[in-house]
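Visitor: Take this structure first; my questions come after.
The values are calculated or read from the model by the stated rules, or taken from the named source; none is laboratory data. What you are looking at is a predicted structure, and each value in this text was computed from that prediction instead of being measured. Glycine gets a Cβ as well: all are built from the backbone with ideal geometry, and neighbour counts include every protein chain shown. Just the protein is used for accessible areas: all its heavy atoms, side chains included, with ligands, DNA and RNA removed. Shrake-Rupley method; radii C 1.70, N 1.55, O 1.52, S 1.80 Å.
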Amino acid sequence: MGSLKIENVKKAFGPVEVLKGIDLQVNDGEFVVFVGPSGCGKSTLLRVIAGLEDSTSGRVLIDGADVSVTPPAKRGIAMVFQTYALYPHLTVKNNMALGLKQAGTPAAEIERRIKIASAMLSLDPYLERRPAELSGGQRQRVAIGRAVVREPKLFLFDEPLSNLDAALRVNTRLEIAQLHRRLKATMIYVTHDQVEAMTLADKIVVLNAGRIEQIGSPMELYNSPANEFVAGFIGSPKMNFIDGARLGETARTIGVRPEHLTVDAKSGAWKGTVVHAEHLGADTNLYLDCEKAGLITVRIFGVYNAEPGATLYATPDAAKTYRFGADGKVLK
Amino acid sequence: MSTATRSLPRTIGAHAILITYTVIALFPVILVVMNSFKSRAGIFGAPLTPPTTKTFDLIGYTTVFGQGDFFHYFQNSLVVTVASLFFVLLFGAMAAFALSEYRFRGNTLMGLYLALGIMIPIRLGTVAILQLMVASGLVNTLTALILVYTAQGLPLAIFILSEFMKQVSNDLKNAGRIDGLSEYTIFFRLVLPLVRPAMATVAVFTMIPIWNDLWFPLILAPSEETKTVTLGAQLFLGQFVTNWNAILAALSLAILPVLILYVIFSRQLIRGITSGAVK
Ligand SMILES: Nc1ncnc2c1ncn2[C@@H]1O[C@H](COP(=O)(O)OP(=O)(O)OP(=O)(O)O)[C@@H](O)[C@H]1O
Ligand SMILES: [Mg+2]
């Protein structure tokens, strides 16, 4: 239970086409992450899956059943929102209980599920409080708890961590990962954050302007991006793109990740001057202005001392260099 | 009080302006109330002095309570105001919710149409309204007044409330939908409590013109049975002799109910004004 299939889903708001034909298969128990630039339609797709928005055409199937005319509450889903969206007039306990009460679940069963969820998310001390009396992290945990008690086939998360501070984000991320392991439920998760996507996902779906650019495991996307967009989107710092003509290559663009470049003070493929150096402790990012390749980023593991203005030679790892054709697709 | 943001001269200046304004605004009200406790000679002899033992007289109040059925007029006014207010708020909020929440063909046009009433005074349609009421046999009923006042209050209510409802978090409504709440429950339990300050504002703006109106009671419901307070007070306003004691007493009494309603709503109002600032 808990598989999802999306067939050629399109969504338009008036004349504006936001989703331009999405096909996707999510298997039972999978953790799927949607990533993409702002405004590419991630939330819209999630809302179509939830039934909060009708698709203009196409079908959504949950467990093989077409849910096009099923209201959100009957789809066996639960959703966690970026803004928490807790009911301000209800206590934490009642926030979690409302959906179950609405579905006519017996009181004893509601009690049991709330107990399990609140233990899982360490919410016990707050059960009688109202949302206004909780911190941001606690609120988000309540929102997750509200989803958990429904025991849904499918969890939908819309950027659940983006309103939290960095430390809390790491903690809550871990909690979500543990939750997935424990419940073995299917989860769909929307995020802007590279790290969240790479660490949580079984499968990442890269969206751009209402289309799916590529679907694959984090390592597949990192190691063999299908096109320039995915190559640039996955990985941080971003991949260097160099005009093929400047390097005397037939491919339109040459891509090489900052971590796949080595530098040397005396010799190498591309001669350049250091523009700026960022020292992060564990690694160092160098910005080099190269004669042949233009401005590139080089990521060096560990500490590397380089003064701005110094001359360095950068050499790409030939095995890990990507060649993109005129249509942006990877050339084999 | 922090000294960084306030200086003494500024504070004094601000208070001086506010106090002056308060005095100007309250002066007529105080004058009315004061003189309502004076004898006729007292009112004309020294209108600006408070009642003294010599001029103190309750003749106005005894006239009001003795003559005409003032308690009944009060009741009429209250019924009309509260009922109209209820319908304006209910239908206004519902229409505003529909306009702000659902995308349908002609949404914008419908919103404009509903807001048009703000700019067109309803009194322009008096003749047509009267014909309508005569045809439907509603002349001299409170229902007629309630219908007219509901129509009169709706445009502004819809306009203000739909702006506020647009600001209610979509996520919250969607969370409700996923939890299986009906659209009605979402409207009454989630959205309405969040726009309560706006509702209070609308309530005050709607209530006062209705309570004070003379025009429609005079035209649509002048019978003894359906007279409102403002109309009832006209009883003492003759072409040759005016019973000032009674008029002032009636007006003073008429202030009370609106004052009470206003106090109820203003608690919400103040919360509304500060809610955005201290989040
Ligand atoms: N109700 C709506 N009416 C019209 N256009 C809309 C509506 N909702 C979303 N859009 C448009 O659809 C596009 C996709 O929106 P969506 O919220 O799905 O983006 P997103 O990928 O979630 O972006 P973000 O990462 O910023 O949350 C946007 O260009 C947006 O302007
Ligand atoms: Mg979004």
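Visitor: Using θ = phi - 60° and the Karplus form 6.51 cos²θ - 1.76 cosθ + 1.60, what ³J(HN,Hα) does each residue of the stretch B:146-155 get, whole Hz, x for Gly and Pro?
Guide: Going residue by residue, I get 4, 4, 5, 5, 4, 4, 5, x, 4, x Hz, with x marking Gly and Pro.
Visitor: In the Gaussian network model of chain B, springs joining C-alpha atoms below 10 Å, which of B:VAL258, B:VAL241, B:VAL29 carries the largest mean-square fluctuation?
Guide: For chain B, modelled as a Gaussian network with Cα springs under 10 Å, the answer is B:VAL241.
Visitor: When the helices in chain B are scored as -39500 (n - 2.57) per DSSP H run of 4 or longer and the sum is shared across all residues, what 222 nm value do you end up with, to the nearest 500 deg cm²/dmol? The partial results should precede the final answer.
Guide: Numbers: 12 runs with 188 residues, N = 279.
Result for chain B, helices only: -22500 deg cm²/dmol.
Visitor: Grab the beta carbon distance between B:THR49 and A:ASP124, set R0 = 56 Å, and tell me the FRET efficiency rounded to 0.05.
Guide: Values: r = 69 Å, r/R0 = 1.24.
Efficiency, from the Cβ-Cβ distance: 0.20.
Visitor: Between B:LEU154, B:LEU116, B:LEU220, find the one with the highest GNM mean-square fluctuation for chain B; connect C-alpha pairs within less than 10 Å.
Guide: In this elastic network of chain B, the residue with the biggest mean-square fluctuation among B:LEU154, B:LEU116, B:LEU220 is B:LEU116.
Visitor: For the stretch B:1-57, report the translational diffusion coefficient in µm²/s to the nearest whole number, using Stokes-Einstein at 10 °C, 1.306 mPa s, and a Kirkwood Rh over Cα pairs. Intermediate values should be presented prior to the final figure.
Guide: Values: Rh = 13.7 Å.
Once the numbers are plugged in, D ends up at 116 µm²/s.
Visitor: Can you tell me how much longer the chain between A:ASN305 and A:LYS74 gets when fully stretched, taken as 0.36 nm per residue apart minus their C-alpha distance, in nm with one decimal?
Guide: On the way: separation 231, 0.36 × 231 = 83.16 nm, distance 5.99 nm.
Extra length from A:ASN305 to A:LYS74 when fully extended: 77.2 nm.
Visitor: Can you tell me what share of the DSSP beta bridges in the protein assembly as shown is antiparallel? A percent to the nearest 5 is fine. Before the final figure, lay out each step's value.
Guide: Details: 55 of 72 bridges.
Of all bridge pairs located within the protein assembly as shown, approximately 75 percent are antiparallel.
Visitor: Moving on to the next point. Quote the accessible area belonging to B:ARG189 in square angstrom, nearest 10, computed with a 1.4 Å probe and with ligands, DNA and RNA left uncounted.
Guide: Around 120 Å² of this residue is reachable by solvent.
Visitor: Here is a further query. With chain A treated as a Gaussian network of Cα nodes joined by springs under 10 Å, which of A:ASN305, A:ASN223, A:ASN208 yields the largest mean-square fluctuation?
Guide: A:ASN305
Visitor: Oh, and also: Quick one: how many Å² of A:GLU196 are accessible to a 1.4 Å probe, rounded to 10?
Guide: Here the residue's solvent-accessible area equals roughly 10 Å².
Visitor: Moving on. At what distance in nm do the modelled label points of B:VAL82 and B:GLU224 sit from each other, each positioned 7 Å from its Cα along Cα→Cβ?
Guide: Distance between label points: 2.5 nm.
Visitor: Pairs of alpha-carbon atoms within less than 8 angstrom and 6+ residues apart define the contacts here; what relative contact order does chain B have, in percent?
Guide: Numbers: 271 pairs, mean separation 75.6, N = 279.
After rounding, I find 27 percent.
Visitor: While we're here: HN-Hα J couplings of the stretch B:113-127 from phi, Karplus 6.51/-1.76/1.60, θ = phi - 60°, integer Hz, Gly and Pro as x?
Guide: Per residue, the Karplus-derived 3J(HN,Hα) values read 4, 5, 8, 4, x, 4, 8, 9, x, 5, 5, 4, x, 3, 4 Hz.
Visitor: Out of the total accessible area of the stretch A:16-125 (probe 1.4 Å, heavy atoms of protein only), what percent is carbon and sulfur?
Guide: Values: 2300 of 4420 Å².
Of all accessible area on the stretch A:16-125, carbon and sulfur atoms account for 52 percent.
Visitor: How much length, in nm to one decimal, is gained on full extension between B:GLN239 and B:ARG40, taken as 0.36 nm per residue of separation minus their Cα-Cα distance? It would help to have the intermediate numbers written out before the result.
Guide: Values: separation 199, 0.36 × 199 = 71.64 nm, distance 1.78 nm.
Length gained between B:GLN239 and B:ARG40: 69.9 nm.
Visitor: Give the relative contact order (percent, whole number) for chain A; include only Cα pairs under 8 Å separated by 6+ residues.
Guide: 17 percent
Visitor: Further question: When only Cα pairs under 8 Å and 6 or more residues apart are kept, what is the percent relative contact order across the stretch A:205-332?
Guide: Averaging sequence separation for qualifying contacts and normalising by length gives 25 percent for the stretch A:205-332.
Visitor: Work out from phi, with θ = phi - 60° and the Karplus expression 6.51 cos²θ - 1.76 cosθ + 1.60, the ³J(HN,Hα) of each residue of the stretch B:80-95, listed in order in whole Hz, and give x for Gly and Pro.
Guide: Rounded to whole hertz, the list is 4, 5, 5, 5, 4, 4, 4, 5, 4, 5, 5, 6, x, 5, 5, 5.
Visitor: To continue, here is another question. Taking R0 as 25 Å, what's the FRET efficiency between B:SER169 and B:MET110 from their Cβ-Cβ distance, rounded to 0.05? Walk me through the intermediate numbers first.
Guide: Values: r = 24 Å, r/R0 = 0.95.
With a Förster radius of 25 Å, E is 0.60.
Visitor: Quick one: grab the alpha carbon gyration tensor of the stretch A:4-230, order the square roots of its eigenvalues as a ≥ b ≥ c, and give me rounded if a/c is under 1.5, else prolate or oblate depending on whether a/b is larger than b/c. Working shown, then result.
Guide: Details: a/c = 1.87, a/b = 1.44, b/c = 1.31.
Note, shape of the stretch A:4-230 comes out prolate.
Visitor: Convex hull over the Cα atoms of the protein assembly as shown, averaged projected area in nm²?
Guide: Values: hull surface 170.1 nm².
Directional mean of the projected Cα hull area for the protein assembly as shown stands at 42.5 nm².
Visitor: Is chain B best put as rounded, prolate or oblate by its Cα gyration tensor, with a ≥ b ≥ c the root eigenvalues, rounded for a/c under 1.5, and otherwise prolate when a/b is larger than b/c, oblate when not? Don't skip to the answer; put the middle values down first.
Guide: Values: a/c = 2.64, a/b = 1.33, b/c = 1.98.
Here chain B falls in the oblate category.
Visitor: Let me ask you something else. For A:TYR189, which sequence-distant residues (separation of 5 or more, or a different chain) have an amide H within less than 5 Å of its own amide H, given hydrogens modelled in the peptide plane?
Guide: Under 5 Å from the amide H of A:TYR189 lie the amide H atoms of A:VAL32, A:VAL33, A:PHE34, A:PHE157, each far enough along the sequence or on another chain.
Visitor: Another question, if that's okay. Could you tell me how many degrees, from 0 to 90 and to the nearest 10, lie between the Cα long axis of helix B:8-36 and the main elongation axis, the longest principal axis, of the Cα atoms of chain B?
Guide: Compared with the principal axis, the helix lies near 60 degrees.
Visitor: If you don't mind, there's one more thing I want to ask. Which whole DSSP H helices in chain A pass both tests: a Cα extent of 18 Å or more along the axis and a mean Kyte-Doolittle value no lower than -1.0? Could you put the intermediate results ahead of the total?
Guide: Numbers: long enough: A:107-120 (20 Å, 0.14); A:136-149 (20 Å, -0.07); A:166-183 (25 Å, -0.17).
Result, helices passing both filters: A:107-120, A:136-149, A:166-183.
Visitor: As I understand it, the value is the acute angle between the Cα axis of helix B:196-212 and the longest principal axis of the Cα atoms of chain B; what does it come to in degrees, rounded to 10?
Guide: Roughly 30 degrees between the two axes.
Visitor: Tell me the label-point distance for the pair A:GLU249, B:LEU58, using the 7 Å Cα-to-Cβ offset, in nm and rounded to one decimal.
Guide: Here the answer is 10.1 nm between the modelled labels.
Visitor: Here's another thing I want to ask about it. For the stretch B:1-106, what class follows from the C-alpha gyration tensor (a ≥ b ≥ c being the square roots of its eigenvalues): rounded when a/c is under 1.5, otherwise prolate if a/b is larger than b/c, else oblate?
Guide: Values: a/c = 4.47, a/b = 1.21, b/c = 3.68.
Since a/c reaches 1.5 but b/c is at least a/b, the shape of the stretch B:1-106 is classed as oblate.
Visitor: Per DSSP H run of at least 4 residues, take -39500 (n - 2.57); add these up for chain A, divide by its residues and hand me the 222 nm value, nearest 500 deg cm²/dmol.
Guide: Values: 8 runs with 85 residues, N = 332.
Counting only the DSSP helices, I get -7500 deg cm²/dmol.
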